[in-house]
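The values are calculated or read from the model by the stated rules, or taken from the named source; none is laboratory data. A quick note: this is a predicted structure, and the numbers were derived from the prediction, not measured. Positions of Cβ are generated from backbone atoms using ideal geometry, with glycine treated the same way; all protein chains shown enter the neighbour counts.
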Amino acid sequence: VLDYFEQKCQTSKALATRASEVIPGGVQHNLAFNYPFAIAATKVDGAHMWDADGNQYIDFLQAGGPTLLGSNYLPVREKAHEILDACGPVTGLLHEYEIKLAEIIRQHMPGIEMFRMLGSGTEACMGAIRLARAYTGKKWVIKVGGDYHGWSDQMVYGMRVPGTGRREATGIPKGVTGYTQEVFPNELGTLRRKLMLNRIRGGTAAVIVEPLGPESGTRPVTPEYNREVRKLCDEFGALLIFDEVVTGFRVGMGGAQGYFNVNPDITVFGKCLTGGYLMAGGIGGRKEVMMALVGGIGTSSKRAFVGGTLSANPLSCVAGYYAIEEMARTNAPILAGRAGDRLARGLKEIMNRRSLPYVVYNMGSIVHLQTSAVLLMSMRNPIKLMREANARKHLMEEMGAAYLSQGLLTLAGSRIYTSMADTDEVIDDALNRFDTVFGM
Ligand code: PMP
């Protein structure tokens, strides 16, 4: 596999070497997709990506999730060009598309009475937590261990470096995370105990969850989990925050909240929200809660301050509006989900035929490839699971490199996002390539 990279990706390698001189770690994004070095992309179109050496890949990274319509989708690109010609990317004023974006989100997710655009999923999670604290006047926030809610101080603190016990993120004083607590996925008893304890020491402002379970279902939660968390939040007067950065529009136009029929108080958006155009983040919820972003209404002194020079730019709002309209018109979540089903079915067949210790499962267009031992452990011993999952990360990176060598671009070797552009032919082509990798 490493020979492949030497021979076929020489331009990427040279660029990656040059990049490491001026960019920390050699990439501007997460390091996880870039083993043994970053592949430099020159063109993306629909289901495919081409690198700087002219190699073609089936693109199951999908930019990390936003491009459910397929990469560089023309009808949205055309609208983005129109707005750029008319206003440029940013005005700092109100544009009608800001309203249209909020309205079309509400149309598909009726619980989102009001919507505030922000810069990224990370910012949106920060904003949601601040909003919950301002609205409730309480201070504790409970998250699920292994959930990813961006890289803000209080949310990234618990993450561990793969294969070690060390914290992923240093440079965060303990006081900053003092009011953030973690519970294991699926463990309702611990959640209840923390909520009870917090009641006598300032109260819980919010419980924040990824509705499919940590890392988009890498460690899945049971179908009842979200409903049970909702009930506990109601019992203890905490807000429920759904982080729908990945699931929003991807698992259905109504998001995970529509799929599970659970109404969160605050929803966090990112990724698909703008079809991959800058900037992709926002928070939405009931009007009463959302108005705490304004504050000073009536006798209320509650105000959660959020800002952002580039947050409300016409480019993102146009891209968001048309991406959502197109996803609904074309049934993109369903088509991408069918592609995910076909791929997962085919991968299971390969694993069975070759007797490989893998578990393949999908939630529509989100497909997971995991070693079976890790999943078994998630049922029995959550602490061991965390350690094993971290140790496994490097193995999955190596698998990711093997997939790349056969022209398959995945998310760190263990997750696959399908898009509407993944026709049966594309999926069957991909399955042949996966079969080659597993025969290597
Ligand atoms: N929440 C979830 C569930 C995510 O998957 C991500 C990004 N992968 C984020 C938040 C952070 O979003 P962003 O990268 O836009 O800051």
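Just one residue in the set M126, M109 is under 22 Å from V156 (Cβ atoms) and either assigned by TED's automatic domain parsing to the domain that holds F305 or polar (S, T, N, Q) (or both); that residue is M126. Restricted to helices (runs of 4 or more DSSP H) entirely inside region 162-272, those with at least 3 residues that are within 16 Å of the ligand (Cβ to nearest atom) and not polar (S, T, N, Q) are 214-217, 255-260. Give region 209-233 a look and list any residue that's touching a Phe, Trp or Tyr at 6+ places or on another chain (Cβ under 8 Å) and at negative phi, or say none. Selection gives V209, E210, P211, P214, P220, P223, N226, R227.
Screening region 275-306 for residues that are under 27 Å from E78 (Cα atoms) and modelled with pLDDT under 95 and picking the one that is nearest to the ligand (Cβ to nearest atom) gives A280.
Across region 92-106, what is the total count of residues that are out of contact with any helix residue (DSSP H, G or I) (no Cβ under 6 Å at 6 or more places or on another chain) and farther than 30 Å from D153 by Cα? Going through region 92-106 one residue at a time, the tally reaches 6.
One residue alone among R193, R199 is more than 17 Å from T136 (Cα to Cα), outside the structural domain of S414 (by TED's automatic domain parsing) and over 25 Å from the mean Cα position of the chain (by Cα), and that residue is R193. For V306, indicate whether it is β-branched (V, I, T), within 30 Å of L395 (Cα to Cα) and touching a strand residue (DSSP E or B) at 6+ places or on another chain (Cβ under 8 Å). So V306 fails the test. If the condition is being small (G, A, S) and closer than 17 Å to R345 by Cα, then region 399-440 contributes S414, S419, A430.
For region 109-118, the criterion of being without any contact (Cβ under 8 Å) to a residue 40 or more places away in the chain, away from the ligand (no atom under 16 Å from the Cβ) and surrounded by fewer than 20 Cβ atoms within 10 Å (Cβ to Cβ) is met by at least one residue. Among the residues of region 119-142, the ones that are away from the ligand (no atom under 11 Å from the Cβ) and either assigned to a loop (DSSP other than H, G, I, E, B) or touching a His at 6+ places or on another chain (Cβ under 7 Å) (or both) come to 3 in all. Restricting attention to region 338-371, the residues that are out of contact with any helix residue (DSSP H, G or I) (no Cβ under 9 Å at 6 or more places or on another chain) and not in a helix (DSSP H, G or I) add up to 1. Restricting attention to region 394-434, the residues being surrounded by fewer than 17 Cβ atoms within 10 Å (Cβ to Cβ), of a type in the set (D, E, K, R) and either assigned by TED's automatic domain parsing to the domain that holds S216 or under 22 Å from R219 (Cα atoms) (or both) number 1.
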